[in-house]
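Just so it is clear, none of the values below were taken in a lab; they were calculated from the coordinates. It should be emphasised that the depicted structure is a prediction, and the values quoted were computed from it without experimental measurement. Quick reminder, even Gly has a Cβ in these numbers, built from the backbone with ideal geometry, and neighbours come from all protein chains shown.
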Amino acid sequence: MAILDKIVKPMIAGLGITSKRLGHSRPTVMYPEDKREQFPRTRWRHVLTRHDDGLEKCIGCSLCAGACPARCIYVDAGENTEENRLSPGERHAVRYEINMLRCIFCGYCQDACPTGAIVLRKDFELANYDREEFIFTKEMLLEPALSERSK
Amino acid sequence: MAAATDIQTVNIIVNGIELAVPKGELVVEAVKRLGLEIPIFCYHPRLKPVGMCRMCLVETGMKNPQDGTIRMMPKPAAACTLPVSEGLVINTESDALKKDRKGVLEFLLINHPLDCPICDRGGECPLQNNTLFYGPATSRFIEQKRHNVKAYPLSDYVTLDLERCIQCARCIRFTEEISGDSQLAFRFRGNKTHPITFNETKFTSKFSGNVIEICPVGALTNRKYRFRARPWDLQTSEAVCLNCSNGCNIWFDHRAGKVVRINARTNEAINEEWTCDKGKFGHDYYNDEKRLETPFARTGDELQKADYATVYAKLLEAFHGDNTGMILGDSLSNETYITAQNFFTGQLGSHNIDYRFSANQAKGASTVDNSIASLELAKTTLVFGTHLADDLPIVFLRVRKGWFNQGTQVILATDRSDEVSEFAAHTLVYKPGTEATIAKAFAGQVSVADAAAKCGISEPELQAAITAAAGATVITTTSLNHEAAEVLKALDGNFNAYPTGANERGAQLALACDGLSALEQLKKAANGELSALWVVGVDLFSVGLPREEVIRALENVDFLAVQDSRRTETFYYASVALPMTLPAEQDGSYTNCEGTTQQMKAIIPPVGQAKPAWRVFEELSIRVNPRMPFSQASEILASAPAFA
């Protein structure tokens, strides 16, 4: 009897729980093949956005760099000319670099941005093998223009 | 200056606090004695008040001397145009004033574009600051703003943005009252009023950079700094401008090891708060792509990169005895001059170490009786043989300030009319080369008629100027004709032969100059009589000597060592070359034209393997004669009695 009570019954009970759970949906995702949908206000990798006409929203004002508590943003600005127009108005960013090793993803840069150019989006896969690779340049941060996105 | 007891004071009441202040002081200044601040735009302590912006409104009233009752005025008054008087009552904080200030700012902001994110003034802008502290949070103005010219290049240095202008007239008053060129003025009326040069000509003032700094908005911005950085990107350090001998105090703004801009740093004894354009915009050589980064040594026809040890060995082999010479620039640090003298004469045994390219430059310290600040108090000033605005810009501003504020009588004697002649009581334009004759006429050593005829000046004019110049403070430079300088020095008044090289004064004090002068060394080198020549911190092609002579000297000297911060033209003739740090990359001290020795700290890292010149001399010196070398610039200065 002791064997029945101490071994067989718990086994049946355990299998019962297992069989009950078999019907539930799975919380574990098969990362990296599957990725979990991020919360709407998740703050991960920065993106420099564009206007609908393809011009960059960033005007190189460096307010993000001023607001950054980790001082991980470096902005170099330049003047727009008729031949080389990157953004509306007089000024654009020539260099825009974020040191992702320093970034604490606080989102203050997004708050400070007067044109809504820098936004923190849901791409969280930021690991890399080389420290140099963590300096995200303007080319890496800038989202592709609408015309190129459809391709 | 009047003694403190001579100043008449009046009793005023500021925010209920009784205060005795000098009679006639403006309210905006008087309240600062209590640590209060009145918001301002158009008011500037060094300019005359105009009361244009209405930002400084305060409530005023009078205290009745009989019964002590206070009667307030019904409306606020501008603090910047109101001098204090006995019994004046001022309120700087009240609900009504808060509303007034909000109203004034709302009006100012109606036509202000609010493009702060791209404005170079953003972050250090008085309009931003005042709006934050006193202004409305939002605007009720929903109509189209006034549109006007943006980013108009007023000159090579100044950009004008008329949309941002709030018509405070600070720039206009600066050109009228301080620099004296009066190039800016208001055009049009009402809504269209804006400052501009006459007929939109180029703004050629030699002090144009100052209007950028005094502009309370971003209407006048620095073309060289345009979009280079924002104020919070910059690191700023105290520095001294070494583009001329005035030694203006500056803020050296740098970012990632590169100089970005220069701003004036207030020093009442030297530059007050002004800079000249040569200083404010002339620091590009720090970022020059021709900076010399490594030592070079010649192999055959080619200069090839080498290391210090190789170059040191070659130098010590080539330089010994009086058959060698060293030419120093006039803008090196005192430490460089001291160590160079000790090393070259003491260790290598040559007396030919000098900085003088002009035969007029005398050996030893030139006579300087007046400090820069004391020039504005002179009764009569004789400016002789120099173009002050070019040679000594800050001295020019002082002389002009003396004329503008105290009525100093200025007499100008020079070879062409310049900025000084605009306000000089007498201008004598003599024929070039006749300085000595006209100086003798001032001293009464030649007859006025003879001098007038010889110098090409009308006799009555010369006579009037000589009469007026009795006992005058003479201002000239060390490059003035030697004979003329001796004559003028013997006159009754003070005599000032200001050096024009950035640290020429330091060179005068530190170098013995008992061998061949730089000019004589070059002549000797041209004849092939000099076995080795060492050129430190000067491009021989830019000192005003004929090119052929310089080339002949450089080609006929057996061994040429060049120590410089840039690959100058001289560099390409070198047998060996050493890179040198610039003033902001090294600790050092510099003595300005009036004799004030100012310290400068290393601000930015040196380029490549560049070393301070004094360190090179010390390293060479211990190779000749082992001893404990100086390791810091301050130790060197302390060791030199001339700078004690």
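Each Lys and Arg contributes +1 and each Asp and Glu -1, all at the Cβ; summed about the Cα centre of region B:105-222, the dipole is approximately 340 debye. Ranked by the mean number of other Cβ atoms within 10 Å per residue, highest first, peptides B:497-509, A:15-27, B:310-322 order as B:497-509, B:310-322, A:15-27. For region B:48-132, the ratio of Cα radius of gyration to the globular rule of thumb 2.2 N^0.38 Å stands at 1.38.
Using every pair of separate Cα atoms, the Kirkwood estimate puts the hydrodynamic radius of chain B at 27.7 angstrom.
Taking the DSSP beta bridges with both ends in chain B, the antiparallel portion is around 60 percent. Taking the average, over residues, of other Cβ atoms within 10 Å as the packing measure, peptides B:391-403, B:51-63 rank B:391-403, B:51-63 from highest down.
Label region B:225-286 by shape, choosing from rounded, prolate and oblate, from the square roots a ≥ b ≥ c of the eigenvalues of the Cα gyration tensor; if a/c is under 1.5 it is rounded, and otherwise prolate applies when a/b is larger than b/c, oblate when it is not. Taking the square roots of the gyration eigenvalues as a ≥ b ≥ c, region B:225-286 is prolate.
Taken along its principal axes, the alpha carbon cloud of the protein assembly as shown reaches lengths of 136, 91, 55 Å, longest axis first. For region B:2-93, the extents of the C-alpha atoms along the principal axes are 38, 37, 21 Å, listed from largest to smallest.
For the segment B:114-121, counting C-beta atoms of other chains within 10 Å of every residue's C-beta and taking the mean gives 5. Of all lysines in the structure, the ones whose alpha carbon falls short of 23 Å from that of B:LYS206, not counting any fewer than 8 places away in one chain, are B:LYS48, B:LYS224, B:LYS278, B:LYS280, B:LYS401. Here the scattering of region B:373-498 is modelled by Debye summation over its C-alpha atoms, one equal scatterer each and no solvent; at q = 0.16 Å⁻¹ the log10 of I(q)/I(0) is -0.67. Among B:VAL260, B:PRO126, A:ILE98, which residue has its Cα furthest toward the positive end of the charge dipole of the protein assembly as shown, with +1 on Lys/Arg Cβ and -1 on Asp/Glu Cβ? Most positive-ward Cα: A:ILE98. The HN-Hα couplings worked out from phi for region B:446-455 by the Karplus form 6.51 cos²θ - 1.76 cosθ + 1.60 (θ = phi - 60°) are 10, 6, 4, 4, 4, 4, 4, 5, 6, 8 Hz, whole numbers, x standing for Gly and Pro. Can you grab the distance from the C-alpha centre of region A:1-69 to the C-alpha centre of region B:319-336, Å, no decimals? Here the answer is 73 Å between Cα centres. From the alpha carbon centroid of region B:534-611 to that of region B:396-467 is 37 Å. Pull out a ≥ b ≥ c, the square roots of the eigenvalues of the alpha-carbon gyration tensor of region B:301-372, then state rounded if a/c is under 1.5, prolate if not and a/b is larger than b/c, and oblate in the remaining case. Prolate is the answer for region B:301-372, as a/c is 1.5 or above and a/b outweighs b/c. Placing dummy labels 7 Å off each Cα toward the beta-carbon, the span from B:ASN556 to B:ALA449 is 4.8 nm.
Taking label points 7 Å from Cα along the Cα-to-Cβ direction, B:ALA151 and B:ILE110 give a separation of 2.9 nm. For the listed peptides B:435-441, B:75-81, a ranking on the average number of other beta carbons within 10 Å per residue, highest first, reads B:435-441, B:75-81. The dipole here belongs to chain B: it is taken about the Cα centre, uses +1 on the Cβ of Lys and Arg and -1 on the Cβ of Asp and Glu, and is about 2140 debye. Label sites at A:PHE105 and B:ALA365, each approximated as a point 7 angstrom past Cα along Cα to Cβ, lie 6.7 nm apart. Among the listed pairs B:LYS431/B:LYS524; A:LYS57/A:LYS138; B:LYS363/B:LYS489; B:LYS314/B:LYS611; B:LYS23/B:LYS98, those whose Cα-Cα separation exceeds 20 Å are B:LYS431/B:LYS524; B:LYS23/B:LYS98. The mean number of Cβ atoms from other chains found within 10 Å of a Cβ in peptide A:109-120 is 1, as a whole number.
For the protein assembly as shown, the residue among B:THR81, B:GLY282, A:VAL47 whose Cα projects farthest onto the positive side of the dipole built from Cβ charges is A:VAL47.
The mean number of Cβ atoms from other chains found within 10 Å of a Cβ in peptide A:76-85 is 2, as a whole number.
For region A:43-138, a Kirkwood radius taken over Cα pairs fed into Stokes-Einstein (10 °C, viscosity 1.306 mPa s) yields D = 116 µm²/s. A simple charge model with +1 on the Cβ of Lys and Arg, -1 on the Cβ of Asp and Glu and nothing else charged puts the dipole of region B:320-416 at about 380 debye relative to its Cα centre. Here B:GLU37 and B:ILE13 are evaluated by their C-beta separation; at R0 = 22 Å the FRET efficiency comes out at 0.75.
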